[in-house]
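Below is one structure; the comments refer to it alone.
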Amino acid sequence: MSKDPYSVLGVSRDASDAEIKKAYRELARKYHPDNYVDNPLADLVEEKMKEVNEAYDLIQKERASGGKTGGSSRYSSYTYSGITSFEEVRRLISEGKYSEAEIIIDSTPSGDRGAEWNYLKGALLANRGYYYDAQKHIETACYLDPQNAEYQDARNKLRYQSGSYGGSYRTQGSSNSDCCSICATFLVLDACCDCCGAGC
Amino acid sequence: MFGYVKPYIPELKVREHELYRALYCGLCRAMGSETGTLSRFTLSYDFAFLSAVRFLATGNVPVADKKTCMAHPLKKRTYIKDSEELRYCARVSALLTEGKVRDDLADESGIKKLRALLARPEASYMVRKAKKNCSDSENSLKDSINASLSRLSELEVSGCDSLDTLAEVFGDICGEFCSACLPERESRICREIGRGVGRFIYVTDALDDLRDDFKKHRFNPVLSLYGDSAVEVCGNEVYLSRAVAESMKTSMLLDLKRPAASAELLMDGGHPELCAIVRNIFYLGMPNTLQETIEKHTKKELQNTNH
């Protein structure tokens, strides 16, 4: 990949670390594999995600001049500086490394378990089918940070998926609508017959 | 067992309802001969559901007949004739009843303990009688069920705050006995059905007991997950919080997707009324039971008055 990492992330060379992080986050959210589960373009998105990850890594490496907490290390050697930052977790999630993400999440000291912690924990739980716990954590995230669209989205997504339970069974259930449409069709056909003057 | 897993009758066709009743009656008879007359008192809707699933899994057709029933002597009732599917359910029911009695003996006190004490000899008899027809894999069921129940007990005592972890243990128990003695494909499908339905039963039961457990400072899985936000105190009375109830509904429907989808795999060319009964139970019956349980424990909305 010969692309300039800064242009991949859409930032200028002298962007601050915070800006780089922000740009990375936005792209990670945009190209997250979950959004493309049944999409035929999923492989293209995967490529894009890889590109974004590599660009971010490269920039981190370039800028790392020692003393940088949680630099470019990907695994549990993530040193906890007390600043709440879950970049590592989000990155692991976008790479599908859910169990590693969960290890980091679970080792977060209880003092740092705020809205984002709850959201990420909830997302990981939902991913492995622990829906009761997931629901609770995502709701806690929404409660702690009511303005956050990402958390609201997650909660709405759960509600939407839950609402589609038994989908086709429940809509097929009432045969009334079918009768009505059949009757309506016959009425129209009947009218047509008369119009043609053929008389059936 | 608990009676949470049952159909939503208003949406059953008449012939489906008749088959369901016949399964229930057939189960009663099977329990009578397999595990003793008194075991019939532990007859439950949950096992009628299991018998429907087992018939779909084996592909055998339930055959109906009419006979006079002791409990309903006025008119002959249609029942499903003796079959291995019903006998199997009878034996498993005895096993679980014995487990419950033993649990109650250990955990409860007062009148409940007395009841358990009195029920114990009968429960043991039921299991001993059932043993005569058990296959080897069934015999190992008892041990694995007991091991899982102990594990569940341990988790509850330690105040586990993950509802899913707890529900999963109970679900696994149900998965075990739903799937035993079946060919591989059907066994795997029934295991998933059992797991999902087991989780449903565990959580619904927790919701049903929540208010009492709160008042008596006892462990409750839902209370453990949500903490005090699960209850609303209104004057002297404690209610299940509406917000938490709605959350539980969302999670539960999500949780039922997998077992429901698994059950669909059994329905290709399956007996139409049996399929309809199982579908009704999954998509209408269980959500309805949940709704009823929630209504029972949440505060009634005040009527709006017009002035």
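The values are calculated or read from the model by the stated rules, or taken from the named source; none is laboratory data. Keep in mind that what you see is a predicted model, and the values were worked out from it rather than measured. So basically every Cβ, Gly included, is an ideal-geometry build from the backbone, and we count neighbours across all protein chains shown.
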Condition check for B:Pro73: loosely packed, with under 14 Cβ neighbours inside 10 Å and either over 20 Å from B:Tyr4 (Cβ atoms) or not aliphatic (A, V, I, L, M) (or both)
yes
Looking only at region B:11-31, decide whether some residue is within 14 Å of another protein chain (Cβ to nearest Cβ) and aliphatic (A, V, I, L, M).
yes
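When you check B:Ile193 against the structure, is it within 29 Å of A:Lys136 (Cα to Cα) and of a type in the set (A, V, I, L, M), yes or no?
Numbers: within 29 Å of A:Lys136 (Cα to Cα): yes; of a type in the set (A, V, I, L, M): yes.
Judged against the criteria, B:Ile193 is a match.
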May I ask you to list pairs of residues, at least six apart or on different chains, whose Cβ atoms are under 9 Å apart, with the first in region B:12-37 being at positive phi and the second being surrounded by 21 or more Cβ atoms within 10 Å (Cβ to Cβ)?
B:Gly36/B:Ala94; B:Gly36/B:Met126; B:Gly36/B:Ala130
Limited to region B:189-233, what total is found for residues that are over 17 Å from the mean Cα position of the chain (by Cα) and more than 14 Å from chain A (Cβ to nearest Cβ)?
13
Whether any residue in region A:143-161 is surrounded by fewer than 22 Cβ atoms within 10 Å (Cβ to Cβ), touching a Lys or Arg at 6+ places or on another chain (Cβ under 7 Å) and without any contact (Cβ under 8 Å) to a residue 12 or more places away in the chain is what I want to check.
no
Filtered residues of region B:207-236 (kept if over 24 Å from A:Leu125 (Cα atoms) and among the aromatic types (Phe, Trp, Tyr))
B:Phe214
Subset of region B:138-176 (residues that are within 13 Å of another protein chain (Cβ to nearest Cβ) and surrounded by fewer than 17 Cβ atoms within 10 Å (Cβ to Cβ))
B:Asp161, B:Thr165
Is there a residue in region B:181-188 that is among the acidic types (Asp, Glu), more than 14 Å from chain A (Cβ to nearest Cβ), in contact (Cβ under 8 Å) with a residue 60 or more places away in the chain and closer than 21 Å to B:Asn139 by Cβ?
yes
Of the conditions (1) in a strand (DSSP E or B); (2) surrounded by fewer than 20 Cβ atoms within 10 Å (Cβ to Cβ); (3) of a type outside the set (Gly, Ala, Ser), B:Tyr79 satisfies every one except a single condition; which number is it?
(2)
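Among the residues of region A:120-162, which ones are basic (Lys, Arg) and closer than 19 Å to B:Glu168 by Cβ?
Within region A:120-162, the first condition is being basic (Lys, Arg), and the residues that meet it are A:121, A:128, A:136, A:155, A:157, A:159.
The answer is A:Lys121, A:Arg128, A:Lys136.
Quick check on my filter: what residues within region B:147-174 are on the phi < 0 side of the Ramachandran plot and small (Gly, Ala, Ser)?
Those that are on the phi < 0 side of the Ramachandran plot and small (Gly, Ala, Ser): B:Ala147, B:Ser148, B:Ser150, B:Ser153, B:Ser158, B:Ser162, B:Ala167, B:Gly171.
I'd like the full set of residues that are of a type in the set (S, T, N, Q) and either out of contact with any Gly (no Cβ under 8 Å at 6 or more places or on another chain) or free of Cβ contacts under 8 Å to residues at least 24 places away in the same chain (or both), limited to region B:114-154.
Restricting attention to region B:114-154, the residues satisfying the condition of being of a type in the set (S, T, N, Q) are B:124, B:133, B:135, B:137, B:139-140, B:144, B:146, B:148, B:150, B:153.
Result: B:Ser124, B:Asn133, B:Ser135, B:Ser137, B:Asn139, B:Ser140, B:Ser144, B:Ser148, B:Ser150, B:Ser153.
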Given the criterion farther than 25 Å from B:Ala206 by Cα and polar (S, T, N, Q), identify the matching residue among B:Ser158, B:Ser124.
B:Ser124
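Regarding A:Ile105, is this residue surrounded by 15 or more Cβ atoms within 10 Å (Cβ to Cβ), at the interface with chain B (Cβ under 10 Å from one of its Cβ atoms) and touching a helix residue (DSSP H, G or I) at 6+ places or on another chain (Cβ under 8 Å)? Outline the logic, then answer.
Details: surrounded by 15 or more Cβ atoms within 10 Å (Cβ to Cβ): yes; at the interface with chain B (Cβ under 10 Å from one of its Cβ atoms): no; touching a helix residue (DSSP H, G or I) at 6+ places or on another chain (Cβ under 8 Å): yes.
No.
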All but one of (1) surrounded by fewer than 19 Cβ atoms within 10 Å (Cβ to Cβ); (2) more than 18 Å from the chain's Cα centre (by Cα); (3) not in a helix (DSSP H, G or I) hold for B:Glu18; state the number of the condition that does not hold.
(3)
Condition test on B:Glu138, is it modelled with pLDDT of 90 or more, of a type in the set (Asp, Glu) and part of a helix (DSSP H, G or I)?
no
Restricting region B:21-74 to residues that are polar (S, T, N, Q), under 25 Å from B:Gly194 (Cα atoms) and at pLDDT 85 or above, the residue that is nearest to the chain's Cα centre (by Cα)
B:Ser44
May I ask you to list the residues in region B:209-233 that are touching a helix residue (DSSP H, G or I) at 6+ places or on another chain (Cβ under 7 Å) and either part of a loop (DSSP other than H, G, I, E, B) or more than 10 Å from B:Asp161 (Cα to Cα) (or both)?
B:Leu210, B:Arg211, B:Asp213, B:Phe214, B:Phe219, B:Asn220, B:Ser229, B:Ala230, B:Val231
Checking A:Lys30 against (1) at pLDDT 70 or above; (2) closer than 23 Å to A:Ala154 by Cα: exactly one of these is not met. Which one?
(1)
Among the numbered conditions (1) over 30 Å from A:Gly111 (Cα atoms); (2) at pLDDT 75 or above, tell me where A:Ser177 comes up short.
(2)
Selection count, region B:234-285, where residues are in a helix (DSSP H, G or I), more than 9 Å from chain A (Cβ to nearest Cβ) and either without any contact (Cβ under 8 Å) to a residue 40 or more places away in the chain or under 21 Å from A:Thr140 (Cβ atoms) (or both)
6
Within region A:117-136, residues over 14 Å from the mean Cα position of the chain (by Cα) and more than 10 Å from chain B (Cβ to nearest Cβ) come out as A:Trp117, A:Asn118
